[in-house]
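First the structure, in the form of structure tokens, and then the observations on it.
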Amino acid sequence: MPRRTRSAHRENAKEETQVSISKPRWMKRNLPVTPEGKEVRNLLSSLHLNTVCREANCPNRGQCFSEGTATFLIMGDVCTRDCRFCNIAGGTPRELEDSEPRRVAEASAKMNLKHVVITSVTRDDLPDGGASHFAATIDLIHEKLPEATVEVLIPDLMGNEDALEIVLNSKPDVLNHNVETVPELYSAVRPKAVYASSMRILELSKNRGFITKSGLMVGLGETDEQFNRTIAELAGIGLDILTIGQYSAPSERHYPVKAYIHPDRFEEMAEFGENAGIGKVVAGPLVRSSFRAGIALKDVLAKHQTKSA
């Protein structure tokens, strides 16, 4: 069995001087229970598959499940890192399951997905960070669902460019890697990650001709200047799709919410990002990286076709 641990980073979150901030009404959403959602949950359970929707406690999981979509979480549900914002458990993961790529492809086919999103826990214990496992999953989905588009949300692979090549050689339709926050907050929020490495993954993927995507959270204590500069840097490397959502602390042990951003501000962020050159910015308090990912991809592809016409 994998060993789950409680990080010292999360313990320290309780020790920070903070004022409890009440969650505003726009951050509250009921999770609908529908026959379609129940069917998706039962299918995933029968194939022993994890979803980031459930593990990360996503506020949109009820809506996505009801629409017959899900983001598959591969390589287990225990992460070798323990970022202070994330609800996924940290600890020592179990060995990879060779059958998992086949099971993900099988579930995708049974759900008749048009756009498949795959993400993973971070696996610093593996020589290639799990790149080969991603590649095997992509290949099998292409085989079982040749008409479907595939989006992968990958970890930083410890900056291993050879590992990134393994993923890209399987030809995902979207290469997604979340920067998460402004570089000034990395030491507090993502102490084991390196901002430059994350940007390098996106830049290399774009240079190889792939559609690239990233995600940012707000409400972590970033300034407008820092946030706008980060968006400008993402635009500068040719990013195609950006998601922006409100950070919501999973528990009091996690990094505290510093501010709740009004919905109107998200519209301004989206406008700023697209004016800076990012093809599509999806922004809103409850937006998460994979929320309506297929629609965002269609919008970007349509813009590419318009430019080339």
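Annotations
- Annotation: of all residues in the range 197-230 being of a type in the set (G, A, S) and assigned to a loop (DSSP other than H, G, I, E, B), the one that is surrounded by the most Cβ atoms within 10 Å (Cβ to Cβ) is G219.
- Just one of (1) more than 13 Å from M75 (Cα to Cα); (2) hydroxyl-bearing (S, T, Y); (3) surrounded by fewer than 20 Cβ atoms within 10 Å (Cβ to Cβ); (4) in contact (Cβ under 8 Å) with a residue 24 or more places away in the chain fails for S132. It is (1).
- L47 falls short on exactly one of the conditions (1) closer than 25 Å to I138 by Cα; (2) modelled with pLDDT of 75 or more; (3) crowded, with 17+ Cβ neighbours inside 10 Å, and that condition is (3).
- Members of the range 86-109 that are in a loop (DSSP other than H, G, I, E, B) and of a type in the set (A, V, I, L, M): I88, L96
- Candidate set: the range 167-200, residues that are among the small types (G, A, S) and without any contact (Cβ under 8 Å) to a residue 24 or more places away in the chain; chosen: the one nearest to P101 (Cα to Cα): A196
- Only one of the listed residues (D98, D77) is modelled with pLDDT of 90 or more, over 30 Å from H262 (Cα atoms) and not hydroxyl-bearing (S, T, Y). That residue is D98.
- Per-region count, the range 243-264, residues basic (K, R) and touching a helix residue (DSSP H, G or I) at 6+ places or on another chain (Cβ under 9 Å): 1
- Some residue of the range 250-271 being part of a helix (DSSP H, G or I) and basic (K, R): yes
- Residue-level analysis places I244 among those that are in a strand (DSSP E or B), β-branched (V, I, T) and out of contact with any Cys (no Cβ under 8 Å at 6 or more places or on another chain).
- Residues satisfying the criterion are absent from the range 280-288 (criterion: surrounded by fewer than 17 Cβ atoms within 10 Å (Cβ to Cβ) and not small (G, A, S)).
- Scanning the range 110-128 for any residue that is assigned to a loop (DSSP other than H, G, I, E, B), out of contact with any strand residue (DSSP E or B) (no Cβ under 8 Å at 6 or more places or on another chain) and within 19 Å of T212 (Cβ to Cβ) turns up nothing.
- In the range 171-188, the residues that are closer than 18 Å to N87 by Cβ, at pLDDT 95 or above and outside any loop (DSSP other than H, G, I, E, B): E180
- Yes/no for P127 being modelled with pLDDT of 95 or more and within 24 Å of D173 (Cα to Cα): no
- Hits in the range 201-242 (condition: in contact with a helix residue (DSSP H, G or I) (Cβ under 7 Å, 6 or more places away or on another chain) and in contact (Cβ under 8 Å) with a residue 60 or more places away in the chain): I211, L220, D240, I241
- Only one of the listed residues (E268, E233) is at pLDDT 95 or above, surrounded by fewer than 23 Cβ atoms within 10 Å (Cβ to Cβ) and farther than 30 Å from K23 by Cβ. That residue is E233.
- Applying the criterion of being in a loop (DSSP other than H, G, I, E, B) and of a type in the set (D, E, K, R) to the residues of the range 129-166, the residue that is nearest to the chain's Cα centre (by Cα) is D156.
The values are calculated or read from the model by the stated rules, or taken from the named source; none is laboratory data. This one's a predicted model, so the numbers in the text were calculated from it and none came from an experiment. Neighbour counts are summed over all protein chains in view; Cβ atoms, including those assigned to glycine, are modelled from backbone coordinates with ideal geometry.
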